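Here is the structure we will look at.
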Number of protein chains: 2
Amino acid sequence: MKDQFITLNHGGGGKASHSLVDRVFVEALRNPHLRPPNDSATLEIAGARLAFTTDSYTVDPIFFPGGDIGSLAVNGTVNDLCASGAKPLYLSLAVILEEGFSITELKRITLSIAQASSTAGVQIVTGDTKVVPRGKADKIYINTAGIGLLPGDVPPSADQARTGDHVLISGPIGEHGATIMACRGDLGLDLDIRSDTAPLNGLTHQLLDACTVKCLKDPTRGGLASSLNEIAAASQVGIELDEESVPVGGAVRGLCEILGLDPLYLANEGRLLVVVSPERSDAALAALRGHSMGRDARRIGHVVAGPPGLVLIRTAVGGRRVLDMTAGEALPRIC
Amino acid sequence: MKDQFITLNHGGGGKASHSLVDRVFVEALRNPHLRPPNDSATLEIAGARLAFTTDSYTVDPIFFPGGDIGSLAVNGTVNDLCASGAKPLYLSLAVILEEGFSITELKRITLSIAQASSTAGVQIVTGDTKVVPRGKADKIYINTAGIGLLPGDVPPSADQARTGDHVLISGPIGEHGATIMACRGDLGLDLDIRSDTAPLNGLTHQLLDACTVKCLKDPTRGGLASSLNEIAAASQVGIELDEESVPVGGAVRGLCEILGLDPLYLANEGRLLVVVSPERSDAALAALRGHSMGRDARRIGHVVAGPPGLVLIRTAVGGRRVLDMTAGEALPRIC
């Protein structure tokens, strides 16, 4: 760690984040259950096989088209459990409130949490409330931790991609990141864009019912590019992405052109990235497309022998370039 | 809720906190597992009986005599699991960092987390790191959620106190709260005082091995007074506390006299409050005293029929007064 102080890049889900997690947290807390880049731990307690995960949510603004910090806090943790192959069951809810925050807005967020929990079929079973003085937080920060039940078979994991495997995505990318970006500042843009925040358990259940998969990822902070890099590094394989086949909606594409952004780095909050063996690829794609949240699922690339850890992108004009993990983040407090 | 905005009182663990939790969170999220004032939910998943709890830590200062925000975040959640009668097993760790925070201090806190986890016999198995811009947090906030294994019998719960039961405390009260208070501002006091932050699992294990108990509480925010009020309200009984018998160390008593505080309202982070039937009271006291963390355990009161929900204190001079739950808190960010 050459840095002496925390920068916004350390929270971006890219290289600086990974370096901080590895060199500070994993180094000091090392144990067999702690296995980044998987978001959930898999545990066996008294014969029950469980997934356990946590995430804090600091999104700004707290209300945005398509959702709010409450629904995001439920869906994000539900999706981390789904990505481990688990059936999400129970969440904890801990809020840090800034003195002066509106109780009306808090009630609105709590109702959104209740609705999102009900949609995802999970229950909030324990909680905590802290208040800090004005200027020591920004309105409300939420942490949810979640417990899910793992099925009998080997759970999907980022280190299981093998040469020849296919890479699928469940729908158009970048919608959450683009929405938050469009909400901030005074861009004066009139774009019809909404966050994709949604629980992935229905879609994941349908997929895993149809076939075994190698890796599942919920490509949030750092976007599709960072999730692909995590899989390539953990599995020590290369990944070739076909740029043309990656689904990007018109509004997201427009915003990216105006602001000079790459949708591959924008956060998603309701998309599933799947790595599956070639013989199961058609079944997986059909299972995704058979669910309302996976109608636009596509095959977007495949796993190659190497260079290990590298993601290459075949561009529309026929070239190839390295799709690096982002060094920092375009925008803090995206989720 | 007549208040329109969040005040520091809503985070104090007293009346305002309880009202916020009941009228906003419990109201919207109601389900059979959500059962304040118990800090942990008790769940049955695939035959395993588990306790699940969460707490955020925003303590200021982050380093204090006897501990730091890292050890507090481990011990606090371990103790919530212990108070449900569970054996703590696994914790999650989520940090919110302020841009500009020192990485050297972060490493020191992480090592403290590692040491506290090792002492308590738990593992940190999953985590999350968020960074917010300068001025949107204060250095570092930590959330830990925890999973513990429940034994076969009925777990202790705040609603199980009955007339005639005895009330015990495992040691002198108010040391964490007094330490944080002495650290703040420029009191210019030279007191030999340290936080009591410590994991309660050894002590709890020894107690529960010796006898069944009715209620267990870890009297943190709001102190012994708030925990007794929670038990009285949940069990619909009265509690009579014998002021003379409550152990208070000399330094805590000194600070309270100087600042005009009542040690009964100061936070504890390594004390166990026990309600036990009269016939098991001697065995419970002996079990507590047989452990290094319970050497100074005392019987401090008993449960009476009524008035239901009321805690009465018999003062040194022979009078009786109501020991109310604190309306707010003496100090924000105590834990």
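The values are calculated or read from the model by the stated rules, or taken from the named source; none is laboratory data. Small disclaimer: the values here were computed from a predicted structure and weren't measured. Reconstructed Cβ throughout: ideal geometry from the backbone, glycine too, with neighbour counts over all protein chains shown. SASA here: full protein model, heavy atoms, side chains in, ligands and nucleic acids out. Shrake-Rupley method; radii C 1.70, N 1.55, O 1.52, S 1.80 Å.
The separation of the range A:58-111 from the range B:119-175, counted between C-alpha centres, amounts to 22 Å. Ranking of B:K87, B:K136, B:K217 by solvent-accessible surface, largest first: B:K87, B:K136, B:K217 (1.4 Å probe, protein heavy atoms only, all chains present). Dipole magnitude for chain B: about 320 debye, using +1 per Lys or Arg Cβ and -1 per Asp or Glu Cβ, origin at the Cα centre. In nanometers and ordered shortest first, the copy-to-copy spacing of the A:R289 label point, defined 7 Å from Cα toward Cβ, is 7.6. Across the identical copies, the 7 Å label point of B:D190, projected outward along Cα→Cβ, sits 7.2 nm from its counterparts, in ascending order. Note: the range A:46-145, Cα convex hull, 101 Å³ per residue. Between rounded, prolate and oblate, where does the range A:112-169 land on the alpha carbon gyration tensor, with a ≥ b ≥ c its root eigenvalues, rounded for a/c under 1.5, else prolate if a/b exceeds b/c? Judged from the Cα gyration tensor, the range A:112-169 comes out prolate (a/c at least 1.5, a/b above b/c). For the range A:89-157, the share of DSSP beta bridges that are antiparallel, to the nearest 5, is 45%. Its DSSP H runs of at least 4 residues, each contributing -39,500 (n - 2.57), put the calculated 222 nm mean residue ellipticity of chain A at -8500 deg cm²/dmol, to the nearest 500. For the range A:1-68, the list of trypsin sites (Lys or Arg not before Pro) that fall in a loop by DSSP and count at most 10 other C-beta atoms within 10 angstrom reads A:K2. Taking 51 Å as R0, compute the FRET efficiency from the Cβ-Cβ separation of A:D262 and B:D324 and round it to 0.05. Computed FRET efficiency for A:D262 and B:D324: 0.30. So what does the Cα-only Debye profile of chain B read at q = 0.08, 0.11 Å⁻¹, as log10 I(q)/I(0), no solvent term? Summing over Cα pairs of chain B leads to -0.35, -0.69.
The relative contact order of the range B:1-146 comes to 27 percent, based on Cα pairs under 8 Å that sit 6 or more residues apart. Per the Debye calculation on the protein assembly as shown with a single equal scatterer at every Cα and no solvent contribution, log₁₀ I(q)/I(0) for q = 0.12 Å⁻¹ amounts to -1.21. Taking amide H positions as modeled 1.01 Å from N, with prolines and chain starts lacking one, the residues under 5 Å from A:S195 and 5 or more places away or on another chain are A:G66, A:G67. Taking all protein chains together, A:E240, B:E27 sort by accessible area into B:E27, A:E240, largest first [probe 1.4 Å]. Label-to-label distances for B:T104 across copies, nearest first, come out at 4.8 nm, using points 7 Å from Cα in the beta-carbon direction. Pairs of C-alpha atoms in the range B:166-322 farther apart than 29 Å represent 16 percent of all such pairs. Each residue of the range B:40-52 in order: what ³J(HN,Hα) in whole Hz does its phi give by Karplus 6.51 cos²θ - 1.76 cosθ + 1.60, θ = phi - 60°, with x for Gly and Pro? Karplus-based 3J(HN,Hα) across the range B:40-52 equals 10, 7, 10, 10, 10, 10, 6, x, 8, 9, 10, 10, 9 Hz. Using only Cα atoms, locate the centre of the range B:286-326 and the centre of the range B:204-232, then give the distance between them in Å, rounded to an integer. Between the Cα centre of the range B:286-326 and that of the range B:204-232, the gap is 11 Å. The modelled label-to-label distance between B:T119 and B:A316, using points 7 Å beyond Cα along the C-beta direction, is 3.2 nm. By its C-alpha gyration tensor, with a ≥ b ≥ c as the square roots of the eigenvalues, how is the range A:227-319 shaped: rounded for a/c under 1.5, else prolate for a/b larger than b/c, else oblate? In terms of gyration-tensor shape, oblate. Of A:K15/A:K214; B:K130/B:K217; A:K136/B:K15; B:K87/B:K217, which sit over 20 Å apart, Cα to Cα? Going by Cα-Cα distance, A:K15/A:K214; B:K130/B:K217; A:K136/B:K15 fall outside the 20 Å limit.
Under the combined filter of DSSP loop state and at most 16 neighbouring Cβ atoms within 10 Å, the range A:244-335 retains these trypsin sites (Lys or Arg not before Pro): A:R295.
The mean count of C-beta atoms from other chains within 10 Å of the C-beta of residues in B:147-158, rounded to a whole number, is 1. Expressed as a whole percent, the accessible area of the range B:19-173 that falls on carbon and sulfur atoms is 48 (1.4 Å probe).
For A:D165, the residues whose amide H sits under 5 Å from its own are A:V303, ignoring neighbours fewer than 5 places away on the same chain, with H placed 1.01 Å from N. For the range A:166-322, the per residue solvent-accessible surface stands at 39 Å², with DNA, RNA and ligands left out and a 1.4 Å probe. A:D242 sits with roughly 50 Å² accessible to a 1.4 Å probe, with DNA, RNA and ligands left out of the calculation.
Within the listed set A:D39, A:D192, A:D80, the Gaussian network model of chain A (springs between alpha-carbon atoms below 10 Å) gives the highest mean-square fluctuation for A:D192.
Residue by residue through A:112-119, how many Cβ atoms from other chains fall within 10 Å of the Cβ on average?
Averaged over the peptide's residues, the number is 2.
By the combined test of axial Cα extent (at least 20 Å) and Kyte-Doolittle hydropathy (mean at least -0.5), the qualifying DSSP H helices of chain A come to A:69-83, A:103-120.
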